[in-house]
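The values are calculated or read from the model by the stated rules, or taken from the named source; none is laboratory data. Treat the numbers as computed from the prediction; the structure is a model and nothing was measured. FYI the Cβ positions are ideal-geometry reconstructions off the backbone, even for glycines, and counts take in every protein chain you see. Just so you know, the surface numbers come from the protein's heavy atoms only, side chains and all, with ligands and any DNA or RNA stripped out. Shrake-Rupley method; radii C 1.70, N 1.55, O 1.52, S 1.80 Å.
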Amino acid sequence: MKKILTISILLHICFTAFSQEKFFRTSKAKVKMPIVAQKLTQQELADYVKSNFKDSAIPTDAENVYKINNILLSYWDWPVNTGEPKRTLEERKNLTLVSYNSFNKKHGNLFKDIEANIITVNNIKYLIDKHSYNNDVYIWFFSEDRKINSLLGLVQFSKGNETEANQVLNDFLKTVNIDNY
């Protein structure tokens, strides 16, 4: 199971290759979290995941991890200048879909309900990548490249919470300010 979630994360890494530098999962983005959002420590995240999900793709070293009712939301900066060719969101979208389909062909249809769309919120374009695995649903969001960073994040929830999770993501993206990127 961890192998499958690792593959899920690797699909997103194919957006841009890591540089040789240390990559920290923090963010300089300015956001406004709802009052009900509870910031989780690494241990709280591990405990919550263990009791509510099969596993999680949220990095355990992510600084910004929140629980909003039964929804997990995490976000971090993604360095733009990795030495790799820059890709547009459309190219990333196509690469993501090809990667999921290729993985499913080789390993059975483990990822279900795969969607990838580009949306614009407050003049910021995002690739929204959604898939389910077992009864867990993952929505990755990846902002368009800025000067230094992009914003990358993940919303994780159980299938029964899809409407609320979509609202959490939409509300979050409306508050994002990455002018300093």
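Across region 97-135, what is the number of residues that are of a type in the set (D, E) and under 30 Å from N177 (Cβ atoms)?
Qualifying residue count, region 97-135: 2.
Please go through region 47-80 and pick out each residue that is among the charged types (D, E, K, R) and under 16 Å from the mean Cα position of the chain (by Cα). Talk me through it step by step, then tell me what you get.
In the first step, residues of region 47-80 are kept if they are among the charged types (D, E, K, R); the result is 47, 50, 54-55, 61, 63, 67, 77.
D55, D61, E63, K67, D77, listed by residue number.
When I178 is evaluated against the numbered criteria (1) within 29 Å of Q38 (Cβ to Cβ); (2) at pLDDT 90 or above; (3) among the β-branched types (V, I, T), which criterion, by number, is the only one it fails?
Looking at each condition in turn, I178 falls short on (2).
Across region 62-105, what is the number of residues that are open to solvent by less than 70 Å² (accessible area, probe 1.4 Å) and not polar (S, T, N, Q)?
The initial filter retains those residues of region 62-105 that are open to solvent by less than 70 Å² (accessible area, probe 1.4 Å), namely 62, 64-68, 71-80, 82, 89, 92-93, 95-97, 99-100, 102-104.
Now restrict to residues that are not polar (S, T, N, Q): 62, 65-68, 71-73, 75-80, 89, 92-93, 95, 97, 100, 103.
Adding up the residues that qualify gives 21.
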